Amino acid sequence: MTGGEAVVESLKREGVEYLFSIPGVQIMAVFDALYGEKDLRLITVRHEQSTIYMADGYSRVKGRPGVGLVVPGPGVQNTLAAMGTAYACSSPVLLLAGQVESMDLGKDGGVLHEVNDQLDMVRPVTKWCRRVMRGEEIPGAIHEAMGQMNTGRPRPTEVEIPWDTLRNSAEVEFFSREAIPPAEPDPESIRRAVELLVKAQKPLIWAGGGAILSDGSAELRDLAEALGAPVVTTPEGKGAISEDHLLSLGGGYYGFGAIRWAMPQADVVLAVGTRFTWQQQRPGTALKPPQKLIHLDADPSVIGKNYPAEVAIVADAQAGLRALVEAVRKEKVAKERWLTSELDQFRQNHQNWLQEKAPLQYDIIKTLRKELADDAILVAGVTNIGYWANLAYAARRPRTYITSSYFATLGYSFPTALGVKLAAPDRPVVCVVGDGGFLYACAELATAVKYGINLITIVFNDQAFGSTKSDQLVNFRGRIVGTEINNPDFSKLAELFGAKGLKAKPEQLGKALDEALEAQRPVVIEVPLPTLIAPFQIPP
Ligand SMILES: Cc1ncc(C[n+]2csc(CCOP(=O)(O)OP(=O)(O)O)c2C)c(N)n1
Ligand SMILES: [Mg+2]
C-alpha cells in the first residue's frame, strides 16, 4: 500500500477516531487514503494551530491521543504554540508532519515549504520525534509515538514523513494497540511516605494535572478520607476531587485560595502529579522548612525540583495513590486532624476574599456553575474570568476543567474547546474567552458550523487586551499603550458564519446560557465587561 494508506491504517489500529488537518501537496496521499473512510474522521480546520489545539482538547477529555496532520515548514510552524501548550499540559498529542521529497532534504534549496532541520523546531515541545524515510517504517513509528504517550508522563510526539515516502508503495506490517501497564511505586518509598503521613499532625494534599491524567480521582478521594487530609488542586488538577467534598479546599492559584489559611498549619504535604512550580510556591501557599514534602510523580525530573522532597515516589499517580491508600488503611490514623469547622472557616475566608476583590467575576462564575451540570466541561481561556475561575469555579469531576497551564497561551481556548466538544458531544461544553483571545482562531466558527460542533463560547468583551491593560493601570501609573483594541460585533460575526449569536449583560448571562444550552448549534454569547484586575495583579 502507499505510505498514505499505511498512515491511515496505523492510526485506525491505534484506536484514533479523528484526524485534524489542513491539506497540502506533500500530504495528499494521506488525504487520498481517507476517501470513503468511515472509522477515522477527518476534520479540516482553518489554521494549523487548530489541528493541535483540537487534538489536545480531544485528548484531555477522552484520555486518548489526539492527532494532527500538517504540511512541512509553515504548517508545522503554525502548530508550535499549540504543541507548546500540549507540552506544558502533559497532553498526549501526535503531530504528523509532511516533509519535502527525500532527495531535497537538508539542501536548503528553496523547494516548496522547505525548512531545514524541522525536527529541531519540534524537539523542545515533544517528548519524542522521528523522521521516517521508508514506507515500511511508518506503522512502527506511529506505534512508538503512541507508546511514548502511554508511558510515564504523556507529552506530545511528532513523526515526519517525506512526500515521496507517503506517495510510494511499500510492503508494510502493522502493530495493534497496546495496553501498557502503569509504573508501580517502589514499596520502600510507600512505607516511608505512610510513616510520615500517619504521624503528621496536619497532613495536606496538593493534587495537580497528573492525578487526572492517570485517572486517579477515586484513589485521591479515598486517600484524603483515610488520612483526614484536605486537598487543594492546581488549576490543571481542578476536579481531581469534587470541590464540594468536605475535604476539598478548591483551587490554589498564585498564592491564593482557601489553601492560604491551611498551609501555615500543615506539617506534611503530599504533592501528587504536580511540578510544584513557582506559582504554588508564591507567598501564601509556599512550603517552608521544616514542612516536609512527599512528592509523587510519573516524571522523576520534577520531583524535588522546586522544594526538596523528603520522600520521592516515582510512579503513575493512580498506582501510587492506590498503594498509599492500601498501606494507610492498615494503620491507625488519628481522627479529625483537621476539624470540618476549621476547613469550613478557610473556605468561608476565601469566599469573602473573592467577593471583596472580584465581586463581578464572582457573580459571573457562580452563574456558570449554577447553569452547568456536573458533567459539563469548562474551558478556561487566558482571560480575566478564566483566571478567577481557577479560584472560584467549583469543578466536580475530573476532566471537566481545561486550562493552558503555565503556557497561558492566548488564543488556545476556542479551538481547544472544539476538540473537547468532539470528545464529549452529548455534554455541555463552554469556552470562556476574551475579545483578544477569541480573534486568534475565530475562523474555526466555520469548522464548528461545518461539522456541527455545538460549543458554547462566551466572549467577555472589554475592548482590550485586558490583563495587560490592567498591568498598565496597576504597575505603570495608568499609562495605556497599545492594549486597547477594536472588535467586530461578536454576535453578528457568529451569525455571519452560520452560528447563533447572542448578547447579554453580565446579569443576563444565566438567561442567555439557558437559550444556548437549548440551541443545538454552535453559539457565541458576547458579554460586555469593564477591564478588571487579575488575581496575579493583587498583592499577596
Ligand atoms: C500567545 C500569547 N501572547 C500574548 C500573551 C500576553 N497576554 C496575556 S493576557 C493578554 C490579553 C488578553 O486579552 P483578552 O483575550 O481580551 O482577555 P482579557 O484579559 O481582556 O480578559 C495578553 C496579550 C499571552 N499570554 N499569550
Ligand atoms: Mg479583553
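What is the set of long-range amide H partners of CYS129 at a cut-off below 5 Å, with H atoms built 1.01 Å from backbone N?
Result for CYS129 returns GLU158.
Go through region 160-167 residue by residue and turn each phi into a ³J(HN,Hα) via Karplus (6.51, -1.76, 1.60, θ = phi - 60°); whole Hz please, and just put x for glycine and proline.
My calculation for region 160-167 gives 10, 9, x, 3, 5, 5, 6, 7 Hz in order.
I'd like the Karplus ³J(HN,Hα) series for region 306-315: coefficients 6.51, -1.76, 1.60, θ = phi - 60°, whole numbers in Hz, and an x wherever there's a Gly or Pro.
Running phi through 6.51 cos²θ - 1.76 cosθ + 1.60 with θ = phi - 60° gives 9, 7, x, 8, 5, 10, 9, 10, 8, 6 Hz.
HN-Hα J couplings of region 400-412 from phi, Karplus 6.51/-1.76/1.60, θ = phi - 60°, integer Hz, Gly and Pro as x?
Each residue of region 400-412 in turn: 10, 9, 10, 10, 10, 6, 5, 6, 6, 7, 4, x, 6 Hz.
Filter the GluC sites (Glu not before Pro) in region 1-90 down to the DSSP loop ones having no more than 11 other Cβ atoms within 10 Å, then list what survives.
none
Quote the relative contact order of region 181-271 in percent (integer), defining contacts as alpha-carbon pairs under 8 Å separated by 6+ residues.
In percent, rounded to a whole number, it is 33.
Which of the lysines could a cross-linker span from LYS330 if the Cα-Cα distance has to be under 19 Å and same-chain partners fewer than 8 positions apart are dropped?
LYS199
Return the carbon/sulfur percentage of the accessible area of region 382-540, one whole number, probe 1.4 Å, all protein chains in place.
Carbon with sulfur: 53 percent of the solvent-accessible area.
In the structure shown, do any of LYS38/LYS62; LYS202/LYS370; LYS288/LYS335; LYS450/LYS500 have a Cα-Cα gap over 23 Å, and if so which?
Flagged as over cut-off: LYS202/LYS370; LYS288/LYS335.
Report, to the nearest whole %, how much of the accessible area of region 1-117 belongs to carbon and sulfur atoms, 1.4 Å probe, protein only.
47 percent
Long-range amide H contacts for LEU502: which residues qualify at under 5 Å (H placed 1.01 Å from N, peptide plane, sequence gap of 5 or more or a different chain)?
So LEU502 has HN proximity to VAL524, ILE525, GLU526.
For LYS12 and GLU515, what does the FRET efficiency come to when R0 = 45 Å and r is the distance between their Cβ atoms, rounded to the nearest 0.05?
0.70
What angle, in degrees between 0 and 90 and rounded to the nearest 10, separates the Cα long axis of helix 187-199 from the longest principal axis of the Cα atoms of the chain?
30 degrees
Over the chain, with the other protein chains present, what is the accessible area per residue in square angstrom, probe 1.4 angstrom?
In whole numbers, the chain has 39 Å² accessible per residue.
Provide the percentage of antiparallel DSSP beta bridges, counting only those with both residues in the chain; round to the nearest 5.
The antiparallel proportion sits near 5 percent.
Quick check: the angle from helix 138-149's long axis to the longest principal axis of the chain, C-alpha only, nearest 10 degrees?
The answer is roughly 10 degrees.
Longest exposed-loop-site-free stretch of the chain, with trypsin sites (Lys or Arg not before Pro), DSSP loop and at most 12 other Cβ within 10 Å?
108-329
Compute the distance from the alpha-carbon center of region 355-372 to that of region 70-110, in whole Å.
40 Å
Is the shape of the chain best called rounded, prolate or oblate, per the rule: a/c under 1.5 gives rounded, else a/b larger than b/c gives prolate, else oblate, with a ≥ b ≥ c the square roots of the Cα gyration tensor eigenvalues?
Oblate, because a/c is 1.5 or more while a/b does not exceed b/c.
Could you tell me the relative contact order of the chain? Use alpha-carbon pairs under 8 Å, at least six residues apart, and round to a whole percent.
Averaging sequence separation for qualifying contacts and normalising by length gives 13 percent for the chain.
Ignoring ligands, DNA and RNA, please state the percent of accessible area on region 146-235 from carbon and sulfur, probe 1.4 Å.
50 percent
The values are calculated or read from the model by the stated rules, or taken from the named source; none is laboratory data. Keep in mind that what you see is a predicted model, and the values were worked out from it rather than measured. So basically every Cβ, Gly included, is an ideal-geometry build from the backbone, and we count neighbours across all protein chains shown. With ligands, DNA and RNA removed, areas are computed over all heavy atoms of the protein, side chains included. Shrake-Rupley method; radii C 1.70, N 1.55, O 1.52, S 1.80 Å.
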